Amino acid sequence: MSDKTEPAENQMWGGRFSQGPAEIMEAINASIDIDKRLWREDIWGSKAHAAMLAEAGIISRADAEAILKGLDQVAAEIEGGTFTFSKALEDIHMNIEARLKELIGEPAGRLHTARSRNDQVATDFRLWCRAACEDAASGLGDLMAALSEKALENADAVMPGFTHLQTAQPVTLGHHLLAYVEMFSRDAGRFMDARERMNESPLGSAALAGTPFPIDRKTTAEALGFDRPCANSLDGVSSRDFALELLSAAAICATHLSRLAEEIVLWTSPQFGFASLSDAFSTGSSIMPQKRNPDAAELVRAKTGRITGSLNSLLTVMKALPLAYAKDLQEDKAATFEAVEALALALSAMTGMASDLKPNREAMREAAARGYSTATDLADWLVRELGLPFREAHHVTGRVVALAEKAGKRLDELTLADMQTVEPKITDDVFTVLSVEASAASRKAYGGTAPDNVRTQAQRWIAALKKG
């Protein structure tokens, strides 16, 4: 009699496999540590599927009722922290199904009728990504509201506008902040556009070819809040462009957040001194007691790397996959979850900083007055009042700037006689356009930095955001 024992039948794959997986195979194959956060979506999808199966007469109503009750108990266990997740069962789908079988017995085995883990995970992931789009848009709304309020408070606070990070023309802080509101509004639009496109149900696509059972895919789609079922079963189980769109929108949004974070880092430095952050959004140094570091802004800036990296990661996973499903797609969730989590944190931090930021109006105004930022106003005055062609006015202004630079004066500190050495026709009226306040106030065309424009736009955004 042999003392060797026969290997136990593989519990997941039944009769086809007589042995369990190698230890390393189990480690690389398991995704439960990542996808267990899909438990709500998985239970929601399973309940919709079970109800539809009973309605279509594919399983009995008694089995469906047992399944629904059992799934509620599984949900309660997970919510309460008493559920045991098993790597041997690979993923959230099999973990839930195995526990369901322990709770209700044979009816649990009927739940998987007319579906596959392929359409199951695609459905769960779409549901999760759909909610992530909504959450991102909501977070952006909070940030836009904070920026709009700050813009309204600082509609007439003059600061230097930059090109090439060199002083260009005076703008107002309110106008500058509203530029980001416009960017973030487009980000919110991208998330909601992505949500609309991804709102099709893969459930019922089964493994790849559909199912011979007389299922009602419209019913399950409606139960899960989808607009319609996916029209092609191959596409339903294998596409991940919905996650790519989510990540693309996240990457663009993170880039905008990073630009604003960079400006906050600059503005709060002693070299700029345009603004300050309170202790709530600053840290100190372990060795330099005088330091106040804008760490929250720096970390928002850094999160962009994680988010754009996640997009590149999933693009690389998808770039050479033939139809339909391949296990490569198991790598879709870790990157997406990480990016969405990083974006949510960055949005919350930036919203807090936007409200916390305290502008230094005097420092901004002084900086705006340096660097001959009203030179364009002088050129425009020469065109408007003296009738000079703009190119000639540009040349005359350049000579006036050179004169001021040589004398170590601002343009509005030159005397009329000084300017008349360059262009004799210049009159005292020129001084009405040479202050930074006058320059900003003159930009009244739609979209310009004039304080009245800024107030109008800020109030428009505040009202629109309150309406949701």
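Listing for the model above:
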| quantity | calculated |
| --- | --- |
| Residue that is in contact (Cβ under 8 Å) with a residue 12 or more places away in the chain, open to solvent by 10 Å² or more (accessible area, probe 1.4 Å) and within 22 Å of the chain's Cα centre (by Cα), where the choices are Leu257, Leu244 | Leu244 |
| Matching entry among Ala438, Ala445 (being in a helix (DSSP H, G or I) and within 19 Å of Glu385 (Cβ to Cβ)) | Ala438 |
| Extreme residue, surrounded by the most Cβ atoms within 10 Å (Cβ to Cβ), among residues of the stretch 132-184 that are in contact (Cβ under 8 Å) with a residue 40 or more places away in the chain and aromatic (Phe, Trp, Tyr) | Phe184 |
| Within the stretch 270-283, tally of residues that are in contact (Cβ under 8 Å) with a residue 60 or more places away in the chain and over 26 Å from the mean Cα position of the chain (by Cα) | 3 |
| Checking Thr82 against (1) surrounded by 19 or more Cβ atoms within 10 Å (Cβ to Cβ); (2) outside any helix (DSSP H, G or I); (3) of a type outside the set (A, V, I, L, M), the condition it does not meet | (1) |
| Which numbered condition Trp267 fails, given (1) under 20 Å from Val181 (Cα atoms); (2) under 23 Å from the mean Cα position of the chain (by Cα) | (2) |
| Odd one out for Glu263, checked against (1) farther than 28 Å from Ala363 by Cβ; (2) at pLDDT 95 or above | (1) |
| Unmet criterion (only one of (1) acidic (Asp, Glu); (2) farther than 30 Å from Arg130 by Cα; (3) open to solvent by less than 20 Å² (accessible area, probe 1.4 Å)) for Asp332 | (2) |
| Residue in the stretch 70-82 that is touching a Pro at 6+ places or on another chain (Cβ under 6 Å) and not aromatic (Phe, Trp, Tyr) present | no |
| Residues (at pLDDT below 85 and touching an Asp or Glu at 6+ places or on another chain (Cβ under 8 Å)) located in the stretch 271-314 | Ser282, Thr283 |
| Count of residues meeting criterion [without any contact (Cβ under 8 Å) to a residue 40 or more places away in the chain and either crowded, with 18+ Cβ neighbours inside 10 Å or part of a helix (DSSP H, G or I) (or both)] in the stretch 48-63 | 2 |
| Out of Gln73, Gln120, sole residue that is out of contact with any Cys (no Cβ under 7 Å at 6 or more places or on another chain), under 24 Å from Gln330 (Cα atoms) and assigned to a helix (DSSP H, G or I) | Gln120 |
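Table: residues versus (1) among the hydrophobic types (A, V, I, L, M, F, W, C); (2) part of a helix (DSSP H, G or I); (3) more than 36 Å from the chain's Cα centre (by Cα).
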residue	(1), (2), (3)
Leu329	yes, yes, no
Ala335	yes, yes, no
Glu341	no, yes, no
Trp381	yes, yes, yes
Arg391	no, yes, yes
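The values are calculated or read from the model by the stated rules, or taken from the named source; none is laboratory data. These figures come from a predicted structure and were not determined experimentally. Glycine gets a Cβ as well: all are built from the backbone with ideal geometry, and neighbour counts include every protein chain shown. Calculation scope for accessible area: heavy atoms of the full protein, side chains included, ligands and nucleic acids excluded. Shrake-Rupley method; radii C 1.70, N 1.55, O 1.52, S 1.80 Å.
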